[in-house]
Amino acid sequence: MKITLDEGKCCGSGQCVLTAPELFDQREEDGIAILLHPYADSEQHESVHEAAMVCPGRAISIEGSP
C-alpha cells in the first residue's frame, strides 16, 4: 500500500505520529507531519488506515488498500 502525505493540509495535531509512529514523525519547528516510509507492509495496514481516519486535516491518502 502506498501512503501519501499532503503537508499543505497537515494541521500539526500529531495524531498520525501517535497512531503509526513507525511511519510518521513531526518537524520540530512547526509540528507538520513527515512521512518516514511511503509504503506500508501488511502488518502496518491497520495503523495506516487508523492514522488516515483520525487526521483532522485529511492529509493522508492511501493507494492500493485492500
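Filtered by the rule that a residue be aromatic (Phe, Trp, Tyr) and either assigned to a helix (DSSP H, G or I) or surrounded by 14 or more Cβ atoms within 10 Å (Cβ to Cβ) (or both), the stretch 24-66 gives a lone residue, PHE24.
Annotation: of all residues in the stretch 37-61 being under 9 Å from the mean Cα position of the chain (by Cα) and among the aliphatic types (A, V, I, L, M), the one that is farthest from GLU7 (Cα to Cα) is VAL48. Of all residues in the stretch 21-43, exactly one satisfies the criterion of being in contact (Cβ under 8 Å) with a residue 24 or more places away in the chain, under 16 Å from GLY8 (Cβ atoms) and small (Gly, Ala, Ser), namely ALA33.
The numbers here are math on the coordinates, done by the rules we state, and not lab data. Since the structure is predicted, the reported quantities are computational estimates derived from the model, not experimental observations. Because the Cβ atoms are built from the backbone with ideal geometry, glycine has one as well, and the counts that use them run over all protein chains shown.
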